[in-house]
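First comes the structure, then the notes that go with it.
Quick note: the coordinates plus some simple rules give every number you see, no bench work behind them. These numbers come from a predicted model, not from an experiment. Here Cβ is always computed from backbone atoms with ideal geometry, including for glycine, and neighbour counts include all displayed protein chains.
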Amino acid sequence: SGSRIPYRRVLLKISGESFCREHESGISMQELSSIASQIRDVVQVGVQLAIVCGGGNILRGRQFAEVSSTIVPSTAHYMGMLATVINGLALQDALESAGVQTRLQSAIRMEGVAEPFIRRRCLRHLEKGRVVILAAGTGSPFVTTDTAAALRARELDAEVVLKGTKVDGVYSADPLKNPHAVRYTEISFRDVLNQNLQVMDAQAMHHCMEHNIDIIVFDYKRVGNIARAIAGERIGTRVSA
Ligand code: UDP
């Protein structure tokens with residue numbers, strides 16, 4: 001399609017694995033400060049940015065419930081949500097030390113460490129140029145932070161969900177298994193569903209599709225890519241109506 005308008009309000013989803021080195025877990029200071037400096041550069045151009053962080057570097061509810069005999073699935077998911085708060089706190093300090101004003105809002109009340117998520121308050125922070133980090137996902141078990149990202153994007157009227165991953169977009173097949181796999185630069189929601197391609201989890205995809213929120217899947221580790229995605233450059237894959 002034609003030229004793109006840079007986005008005004010953006011929801012960035014960063015997965016838990018962005019916080020650690022490959023094949024590791026926990027939080028790496030190096031990864032943390034590299035993400036923080038990319039985000040600082042983005043905020044300087046004046047875009048309103050809300051960030052939903054994942055928790056997979058610490059704990060994923062479904063996996064944890066499968067391997068633990070006494071912890072019931074809902075508890076495991078709450079533990080996963082708390083993991084996202086740990087990442088959120090780390091990201092907040094990293095951003096503040098890079099000179100970015102932030103607020104941390106949690107979907108699970110936790111007065112001592114974060115504001116509660118309140119839509120209108122969140123919007124006010126965004127309007128004032130603060131980066132709002134949204135932790136604890138949706139506050140409800142059995143979904144992922146991808147779904148939280150799509151729901152918050154809708155609630156906050158974001159025009160796009162930026163989904164940073166380790167691969168540089170959406171491929172016709174797994175590029176590691178199939179040498180003929182091609183990367184799409186643009187693809188419609190319908191084609192993603194018809195071809196059963198992996199973009200975000202299915203619920204998240206449906207929310208974005210129903211409410212016409214673009215999704216850009218891109219490799220966030222390439223420095224400057226978050227800014228490029230927001231500026232409307234053709235990086236990764238853009239999924240839209
Ligand atoms: N989670 C949840 N409800 C939410 C968001 C997350 O129960 O609204 C739990 C879920 O168990 C998930 C974990 O928190 O596995 C960590 O989030 P996620 O797996 O989405 O993190 P990511 O894959 O992005 O690192």
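What the table below lists for this structure:
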quantity: Simple spin-label estimate for Arg121 and Ser97 in nanometres, 7 Å along Cα-Cβ; calculated: 2.7
quantity: Max mean-square fluctuation residue, GNM over the chain, Cα-Cα springs under 10 Å, options Ile118, Ile51, Ile215; calculated: Ile118
quantity: Amide H contacts under 5 Å for Ala135, placed H, 5+ residues apart; calculated: Gln105, Ser106, Ala107
quantity: D (Stokes-Einstein, µm²/s), Kirkwood Cα radius, the stretch 139-241, 1.567 mPa s at 4 °C; calculated: 93
quantity: Per-bin percent of Cα-Cα distances, the stretch 8-74 [5 Å]; calculated: 4, 15, 19, 19, 15, 12, 8, 5, 3, 1
quantity: Percent of beta bridges antiparallel (DSSP, the chain, rounded to nearest 5); calculated: 15
quantity: Debye-sum result for the stretch 194-241 in log10 I(q)/I(0), which assumes one identical scatterer on each alpha carbon, at q = 0.20 Å⁻¹; calculated: -0.72
quantity: Zone of Asp157's modelled label, taken as backbone nitrogen in the stretch 110-139 under 14 Å from a point 7 Å along Cα→Cβ; calculated: 119-128
quantity: For the chain, average projected area of the Cα convex hull in nm²; calculated: 13.1
quantity: Spatial separation of Cα centroids for the stretch 175-210 and the stretch 122-158, in angstrom; calculated: 23
quantity: From the C-alpha gyration tensor of the stretch 150-198, square roots of 5λ in Å; calculated: 25, 13, 9
